[in-house]
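*Asks:* The following block contains the structure, expressed as structure tokens.
The values are calculated or read from the model by the stated rules, or taken from the named source; none is laboratory data. All values reported here derive from a predicted model rather than from experimental measurement. Don't worry about glycine lacking a Cβ; one is built from the backbone with ideal geometry, like all the others, and counts go over all protein chains shown. Accessible surface is based on the protein model in full, side chains and every heavy atom, while ligands, DNA and RNA are left aside. Shrake-Rupley method; radii C 1.70, N 1.55, O 1.52, S 1.80 Å.
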Amino acid sequence: MRDSLRKQLSLVEPAIEHEHAGELRQIGRLIDQHPEIAELVHADLIRGLSNPDSGRRGKMSAEQVLMALLIKQMNDFSYELLAYHLADSRTYRAVCGFGIGDKSPSDKTLQRDIKKVNANTLEAINRILLAIAAATGIEKGRMVRVDCTVVESNIHHPTDSSLLWDCVRVLSRWTQRATEISEVIVTDHCRRAKRRALGILNARTNKERKKLYRDLLKVAHKTLDDGQRVRAALKGGPTTDPLKAMVIEGQLQHYSALARQVITQTERRVLGGESLSPQDKIVSIFEPHTDIIIKDRRDILFGHKVTITGGVSGLLTDLVIEQGNPADVTLAQRMMTRQREIFGRVPRQAAFDGGFASKENLAAIKTLGVNDVAFAKKRGLAITEMAKSTWVYKKLRNFRAGIEGMISFLKRCFAMGRCTWRGLASFQAYAWSSVLTANFLLVARRSPT
């Protein structure tokens, strides 16, 4: 059973007297003063339990899970480091509510509970935090700035040969595990595939490289066929561990589909000489949701484009993880509509990067009720059309530049530059956890003690 609120406080050793410790205590007060925050986290923690009111109490309460998540993102800790610091630090134990005699959670417990908190919950908590900021005068949402950036996936740089090598070694790993519980016999082609991949990397001529690619593709096809044969054997034949057989069969089905896609795109690109569009490519079999983002027509990044809105106070009022690489010009109106959903009204003034500029966007944003709009690049727009005066336009244009610092703040201090969690849902939760942590810290710094 999990309790949404701590019903009985343990004897807790007090935190040290330090500025950062004071900020963490203030974050804890904010969470305690608004129990709806803990209730949102609690709903995620009990999701999937057939009877959450029975059984022993969970090892961590909702408040403890949320504070642990904030500490993790604030310091860019791994789960192992987070477990160590929760056991070692007086301050972290105090703000998380771990008593003197309480055993601190293990890294596996922390990972299990933190990963249960999904992106929608974190976004809902962020909106509660923005309501607190609006009520206390920290952030009214009357003047906002919008820009885009890229959060990278945790993958190696993709090449056709490295992707084929990934497919062979992963499929071989699961087929070899199948030999431990069944009578099926499978040849391991990993050594040959690795040699061909290294040979492609060091090939001097295109002719030599294509010859190595053909052999690597041959190995990949053989490994894929072995995977299909093993799946059929596990379905119809005897096994010593039926549950493990189901797991292996599911993994083989998942990675076989991705391997087919990698093989097809390699044959088209390398042997056929075709140029594939980014949406037709797969750049990782471990993070297949990853998009190819071409930035400024020169930098190629692998992850997801995110659109961020910030306010005067430095708080991040909104975050959207985009699908693919949509043009900035298509996103401006939507971000203003979302501000109306968050604050109940559109901002009076809004500043955008030059990529958002268009006459259609200006007209649509003005129709929503925004008084003054500034695009960093005019793109044929007159200042009098955007703002009521040149002074207001320049003020908004200079204000927009601050969003660059806010994005840098997220990436440097809250680990938003590269997502280390696996899967699209986890990617979304990771991005929101960075934004939420930054906002909690900023509200704590501006709240009266």
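*Asks:* Please name which of Met60, Trp421, Phe302 has its Cα lying farthest along the dipole of the chain towards the positive end, using unit charges on Cβ (Lys, Arg +1; Asp, Glu -1) and the Cα centre as origin.
*Replies:* With unit charges placed on the Cβ atoms, the residue in question is Phe302.
*Asks:* How high is the relative contact order of the chain, in percent, with contacts defined as C-alpha pairs under 8 Å that are six or more residues apart? Can you show the working numbers first?
*Replies:* Numbers: 678 pairs, mean separation 92.4, N = 449.
About 21 percent, as a whole number.
*Asks:* Here is a follow-up. Mind listing the Cα extents of the stretch 19-135 along all three principal axes, in Å, largest one first?
*Replies:* So the three principal-axis extents are 44, 38, 24 Å.
*Asks:* Okay, moving on. Can you list the trypsin sites (Lys or Arg not before Pro) in the stretch 163-225 that are in a DSSP coil and have 16 or fewer other beta carbons within 10 angstrom? Working shown, then result.
*Replies:* Numbers: sites: Arg169, Arg173, Arg177, Arg191, Arg192, Lys194, Arg195, Arg196, Arg204, Lys207, Arg209, Lys210, Lys211, Arg214, Lys218, Lys222; in loops: Arg204.
Loop-located and lightly packed - Arg204.
*Asks:* Taking only Cα atoms, what is the 0 to 90° angle, nearest 10, from helix 332-343's long axis to the longest principal axis of the chain?
*Replies:* That works out to roughly 60 degrees.
*Asks:* Something else now. Which lysines, if any, have their Cα less than 24 Å from the Cα of Lys388, not counting same-chain residues under 8 positions apart?
*Replies:* Lys140, Lys359, Lys366, Lys377, Lys378
*Asks:* A further question follows. Give me the log10 of I(q) over I(0) for the stretch 91-224 at q = 0.12, 0.22 Å⁻¹, as the Debye formula computes it from C-alpha points; what are the numbers?
*Replies:* With one equal scatterer per Cα and no solvent, log10 I(q)/I(0) is -0.82, -1.25.
*Asks:* A further question follows. Ignoring ligands, DNA and RNA, please state the percent of accessible area on the chain from carbon and sulfur, probe 1.4 Å. It would help to have the intermediate numbers written out before the result.
*Replies:* Details: 10820 of 21670 Å².
So the carbon and sulfur contribution to the accessible surface is 50 percent.
*Asks:* Right, next: Where the convex hull is taken over the Cα atoms of the chain, what is its projected area averaged over directions, in nm²? Working shown, then result.
*Replies:* Numbers: hull surface 108.4 nm².
Orientation-averaged projected area of the Cα hull: 27.1 nm².
*Asks:* Against the longest alpha carbon principal axis of the chain, how many degrees, from 0 to 90 and to the nearest 10, is the axis of helix 359-368 turned?
*Replies:* 50
*Asks:* Out of the GluC sites (Glu not before Pro) in the stretch 191-298, which ones are loop residues according to DSSP with at most 14 other C-beta atoms within 10 Å? Present the calculation step by step, with values, prior to reporting the outcome.
*Replies:* On the way: sites: Glu208, Glu249, Glu267, Glu274; in loops: Glu274.
Those that pass, being in a loop and sparsely packed, are Glu274.
*Asks:* Given Cα pairs under 8 Å that are at least 6 residues apart, what percent is the relative contact order of the stretch 313-378? All intermediate terms of the calculation are to be shown ahead of the outcome.
*Replies:* Working: 72 pairs, mean separation 21.5, N = 66.
Relative CO of the stretch 313-378 lands at 33 percent.
*Asks:* Quick one: length gained pulling Thr179 to Leu276 fully straight, 0.36 nm per residue minus the C-alpha distance?
*Replies:* On the way: separation 97, 0.36 × 97 = 34.92 nm, distance 3.78 nm.
The Thr179-Leu276 span can extend by a further 31.1 nm.
*Asks:* Can you give the accessible area of Val95 in Å² (nearest 10), computed on protein heavy atoms with a 1.4 Å probe?
*Replies:* Accessible area of Val95: about 20 Å².
*Asks:* Could you compute the FRET efficiency for Lys377 and Met246, with r as their C-beta to C-beta distance and R0 at 41 Å, rounded to 0.05?
*Replies:* Calculated transfer efficiency: 0.15.
*Asks:* Antiparallel DSSP bridges in the chain: what percent, to the nearest 5? Numbers along the way, then the final one.
*Replies:* Numbers: 19 of 28 bridges.
Roughly 70 percent of the DSSP beta bridges within the chain come out antiparallel.
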